[in-house]
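Chemist: Just passing along the structure, written as structure tokens.
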Amino acid sequence: MPEEYKELTPYVAWNPLPHSEWNAQSASHLLRRIGFSATPDKTKEVLERGLSATIDHYFGVQRVMPIPPKISSARQNTREMSQKLMQGSPEEQKKARREIRRNFNEAYREYGLNWIQFAREDYNAPYEKMVMFLQDVLVVGLPKTRNPYWLYLHQSLLRENINSNFDTLCKAVSRSPAMIKYLDLQQNRKGHPNENFARELFELFILGEGNYTEKDIKEAARALTGYKIRNNEFFFNRRQFDDGSKTVFNRKGRWNGDDVIDLALDQSAARTFLPNEFLHFYLSTDVTLEDSYLKSLGNIWRRNHFNLGSLIKTVFKSRIFFHPQFRGNLIKSPTHFYFGLLQDLNLDVAPFPSHTLNALRNMGQPFFAPPNVRGWVGGKNWINASTLAARRQLIESLFSPLEEDNLNADDYAALKTAHRENRGKITVTEKMIKGIAGMKNEAMVDHFINYFLSDFDNDQIRKVLMKYINQGSANRTEKIRNLVAVLLQSPQYQLS
Amino acid sequence: MKNDILQTPTTRREFLKSGLGGIGLVAFSSFAPAFLTQTTLANLPAPEKDRSILVLIQLAGGNDGLNTLIPFEDANYYRLRPRLGLRKEAVTPITHTLGFHKSCGELAELHREGKLCIIQNVGYPNPNRSHFRSMEIWETGSDSDEYLQTGWLGRYFDNKCDGAPPSEEPTGIHISNQLPQSFHSEQTHNLYGLSLQRNNRRPPVNQNLLEELIFHTPGDNTAGFLKHTMMDAMITEKQVRKILNHYRPAIDYPRTPLARSLQQVASMIAAGMETRVYFVSHRGFDTHTNQLNTHAQLLATLSQAMAAFQSDLESHSLQDQVLTMTFSEFGRRPAENNGRGTDHGTAAPLFIMGNSLKQSQIGRSPNLNVDTKSDLIHSIDFRQVYSTLLNKWFDCDPANILGKKYKPLSFI
């Protein structure tokens with residue numbers, strides 16, 4: 001691919017998009033990239049609001065996701081069970097362990113569903129996508145953490161700090177119970193270091209591989225001693241803290257954990273590491289911008305004290321972000337694909353945890369359970385035969401009538417509640433399709449293409465769809481349904 | 001373009017190359033289903049009946065080699081591992097100084113029968129202790145300060161498949177949610193992935209319309225990648241669905257994800273698929289804390305699954321065609337840590353399983369006369385193993401694929 005973005009100089013690249021280039025295409029590109037979809041209505045709204053005001057609208061106001069009820073009760077319950085675990089007979093202990101597992105599992109499922117419902121809302125979507133980005137850098141996961149309450153705390157912490165400086169966020173994350181558990185920070189004690197957290201802090205959170213020595217890690221691990229979890233909260237155990245002198249990045253001192261984070265952020269690699277991750281997430285997984293472009297962005301970020309809000313603004317308003325080279329060619333993550341579908345089709349999230357969470361799992365992105373501490377690599381890695389089959393299956397399920405008789409009692413009750421609360425529209429119904437069936441074929445096909453696809457050269461697609469809709473005399477509603485369902489399975493719809 | 005409308009392509013590959021420039025929509029739509037049916041005949045005789053197949057088992061997380069193969073007469077081992085060291089009684093000895101972890105009974109038996117070769121102390125110079133970087137080094141076959149974009153098997157596919165008669169069947173199949181880096185290549189190959197979860201294997205609806213949309217997607221950049229992947233997937237899916245649904249293993253596999261993966265591999269090999277490389281993953285080896293039980297479980301799963309797979313292959317008389325190899329990104333530190341676990345280390349043993357092995361052990365146990373902060377020094381470079389496989393098993397010049405010459409081993 002020719003690196004066309006280089007027609008912008010490294011300096012000009014990060015300047016704001018000229019007003020003359022702010023149009024419907026740029027507005028829909030912005031919406032698809034910061035969020036999950038760009039329906040014509042929303043595009044119009046954003047176009048009128050303007051670029052800067054749109055960024056403020058989506059990122060400027062702190063969002064709070066309420067604690068899922070079962071997370072609350074699991075936390076309470078676990079405390080009682082822990083008593084039994086310590087004092088009970090072997091039989092009681094076994095029972096308590098089972099009970100905790102069951103509570104955790106149910107709480108995780110409810111949490112996953114609640115988050116999906118929260119993040120699918122148009123107003124929250126870009127904010128929560130940013131939370132996902134941070135979750136993909138400052139990674140923790142269910143399999144090792146086990147406790148869904150800690151996952152909730154961790155995510156809330158990321159959400160609270162979306163506009164904070166990065167050092168503040170890193171320091172908070174080093175105290176996050178989920179992280180302490182995930183990277184064995186509790187086992188890191190004076191005289192008995194466990195380097196797991198220190199290594200990932202440098203390699204995956206702040207600097208990147210190759211920008212530190214093994215000795216830096218060993219010494220940093222000593223500074224990060226004494227971090228514990230007590231009663232679901234961070235607790236600093238002074239007696240396990242190694243108070244001695246350490247040399248990290250050639251600087252000697254009686255550093256503590258926060259000092260080490262500051263020292264790492266002082267390294268020049270810190271200026272470009274996170275911005276580069278950010279660009280891989282939002283701009284292009286395939287193209288890594290040339291050093292001069294990254295450095296230019298990194299310097300802006302540092303001048304803004306590593307403020308995450310400033311990074312968001314700089315990048316999403318920049319000329320390079322809107323460069324034609326980067327339009328319509330980012331492979332949607334499973335979450336992006338799923339939420340985008342729901343928003344595009346104007347559907348509510350099915351209120352069935354297993355249904356919803358399995359869809360994400362089968363597409364390769366189980367909720368809060370990345371494959372490892374590196375998180376999801378994304379891009380072409382999302383796509384293989386089995387994840388593609390899962391994407392197709394999801395679409396089929398959204399376009400097939402719900403078989404209420406097959407629901408279990410919990411799901412049935414959840415559906416009734418959803419209907420009562422007017423959020424029970426979970427599949428595309430015949431009625432919805434009939435609304436559009438009066439349109440002329442040509443106009444209808446154009447409508448679908450404009451509605452669902454980024455602006456490509458879509459002539460060939462148009463021809464195929466026209467041929468399909470014109471031929472034969474089968475049930476028209478059925479045909480429209482098939483046409484849309486298949487269009488959403490096409491290569492183009494997998495791209496953003 | 002010299003497309004002749006009468007010259008219909010006969011293979012998927014030709015079809016792709018023709019780019020549809022000269023084939024009208026009508027011609028295409030009547031042509032596609034037949035073409036697709038043809039490729040789903042799984043029982044066509046394979047062009048090479050005695051083709052050699054390699055199955056890789058990735059032990060993700062860094063397997064603790066010293067607690068897999070235990071040097072139970074070495075006092076240093078117990079000095080370094082006062083709590084994790086496995087006593088002689090808890091070991092299945094294979095020599096008077098070395099034994100398998102007791103969870104690996106099946107592997108010990110295979111070793112005794114000459115079907116399992118142990119290659120000791122495998123690693124590479126200037127080891128990297130990051131999971132990802134070290135796994136990347138293993139999968140790309142690079143030096144520790146060299147960054148390669150392609151995997152060692154991907155480069156094998158590039159070399160081997162270019163110019164080879166086109167095959168309708170996948171060159172490589174992985175059973176994992178992500179394409180392994182080992183498979184990354186310069187050229188696009190038909191690589192198929194099965195997910196670890198049980199798939200709903202119903203045929204999808206509206207297949208024809210989707211096929212047309214896919215064929216009419218412009219064939220460049222990311223959209224082109226999606227187009228090719230989707231098309232390959234659709235074709236292979238039909239075939240694989242049929243194979244998996246009809247396979248009757250000769251023995252009962254254990255009920256573990258790894259065993260299920262290997263059973264699926266066996267079914268595809270038994271169906272005569274032309275695929276030469278299979279990749280399965282067994283994860284959870286990153287045992288920083290309380291590792292004794294976890295590690296015992298992981299090894300038991302590995303040992304039982306491998307033995308079941310080998311015995312299934314034997315029952316189908318396929319044992320001569322298949323070699324199975326384990327690998328992990330690194331071993332663990334010789335000294336245990338303070339949490340009854342072990343931290344990221346360097347060299348470790350790997351296993352080769354098959355029917356035509358010439359040796360059952362290569363190399364010696366690592367020297368453990370080291371202090372508690374030290375790491376093992378590898379004695380065999382993992383690329384010597386690759387080189388041997390590429391040369392003797394796949395019959396190609398390893399220097400083309402690995403970039404330089406490595407001293408071959410003689411296990412095959």
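Chemist: If residue B:279 meets every condition in (1) buried (at least 22 other Cβ atoms within 10 Å of the Cβ); (2) touching a Cys at 6+ places or on another chain (Cβ under 9 Å) apart from one, which number is that one?
Modeler: Just one mismatch for residue B:279, condition (2).
Chemist: Could you figure out which of (1) within 13 Å of chain B (Cβ to nearest Cβ); (2) within 28 Å of residue A:28 (Cα to Cα) isn't true of residue A:478?
Modeler: (2)
Chemist: Taking the stated definitions as given, is residue A:449 within 14 Å of another protein chain (Cβ to nearest Cβ), modelled with pLDDT under 95 and within 27 Å of residue A:25 (Cα to Cα)?
Modeler: Here the answer is yes, as residue A:449 does meet what is asked.
Chemist: Looking at the range B:314-328, is at least one residue within 14 Å of another protein chain (Cβ to nearest Cβ), out of contact with any helix residue (DSSP H, G or I) (no Cβ under 9 Å at 6 or more places or on another chain) and either of a type outside the set (Val, Ile, Thr) or within 23 Å of residue B:280 (Cα to Cα) (or both)?
Modeler: No.
Chemist: Quick check on my filter: what residues within the range A:179-213 are of a type in the set (S, T, N, Q) and within 11 Å of chain B (Cβ to nearest Cβ)?
Modeler: A:186, A:187, A:188, A:194, A:196
Chemist: Could you identify the single residue in A:489, A:460, A:471, A:494 that is surrounded by 17 or more Cβ atoms within 10 Å (Cβ to Cβ), out of contact with any helix residue (DSSP H, G or I) (no Cβ under 8 Å at 6 or more places or on another chain) and not hydrophobic (A, V, I, L, M, F, W, C)?
Modeler: Just a single option satisfies the conditions, and that option is A:460.
Chemist: Tally the residues that are out of contact with any Gly (no Cβ under 8 Å at 6 or more places or on another chain), touching a residue at least 60 places away in the same chain (Cβ under 8 Å) and assigned to a loop (DSSP other than H, G, I, E, B), restricting the search to the range B:207-257.
Modeler: Here the count works out to 4.
Chemist: A further question on this structure: What residue, of A:355, A:336, is surrounded by fewer than 22 Cβ atoms within 10 Å (Cβ to Cβ) and part of a helix (DSSP H, G or I)?
Modeler: A:355
Chemist: Taking residue A:191 and the conditions (1) farther than 25 Å from residue A:238 by Cβ; (2) touching a residue at least 24 places away in the same chain (Cβ under 8 Å); (3) surrounded by fewer than 23 Cβ atoms within 10 Å (Cβ to Cβ), which numbered condition does it fall short on, given that it satisfies the others?
Modeler: If we test residue A:191 against (1) farther than 25 Å from residue A:238 by Cβ; (2) touching a residue at least 24 places away in the same chain (Cβ under 8 Å); (3) surrounded by fewer than 23 Cβ atoms within 10 Å (Cβ to Cβ), just (1) comes out false.
Chemist: Can you confirm whether residue A:405 is at pLDDT below 90, more than 7 Å from chain B (Cβ to nearest Cβ) and in contact with a Phe, Trp or Tyr (Cβ under 6 Å, 6 or more places away or on another chain)?
Modeler: no
Chemist: Name every residue in the range B:231-255 that is within 14 Å of chain A (Cβ to nearest Cβ), touching an Asp or Glu at 6+ places or on another chain (Cβ under 9 Å) and hydrophobic (A, V, I, L, M, F, W, C), in order of residue number.
Modeler: B:231, B:234, B:235
Chemist: Still on this structure, please answer the following. Quick check: is even one residue across the range A:362-377 within 7 Å of another protein chain (Cβ to nearest Cβ), among the hydrophobic types (A, V, I, L, M, F, W, C) and in a helix (DSSP H, G or I)?
Modeler: For the range A:362-377, residues within 7 Å of another protein chain (Cβ to nearest Cβ), among the hydrophobic types (A, V, I, L, M, F, W, C) and in a helix (DSSP H, G or I): absent.
Chemist: Got at least one residue in the range A:309-318 being within 28 Å of residue A:208 (Cα to Cα), in a loop (DSSP other than H, G, I, E, B) and at pLDDT 95 or above?
Modeler: Scanning the range A:309-318 turns up no residue that is within 28 Å of residue A:208 (Cα to Cα), in a loop (DSSP other than H, G, I, E, B) and at pLDDT 95 or above.
Chemist: While we're here: Here is a list of conditions, (1) surrounded by fewer than 17 Cβ atoms within 10 Å (Cβ to Cβ); (2) within 31 Å of the chain's Cα centre (by Cα), and residue A:435 meets all of them except one; can you say which number that is?
Modeler: With respect to (1) surrounded by fewer than 17 Cβ atoms within 10 Å (Cβ to Cβ); (2) within 31 Å of the chain's Cα centre (by Cα), residue A:435 is out only on (2).
The values are calculated or read from the model by the stated rules, or taken from the named source; none is laboratory data. Note that the structure is a prediction, hence the values are computed from the model and not measured. No Cβ is skipped: glycine too gets one built from the backbone with ideal geometry, and neighbour counts run over all protein chains shown.
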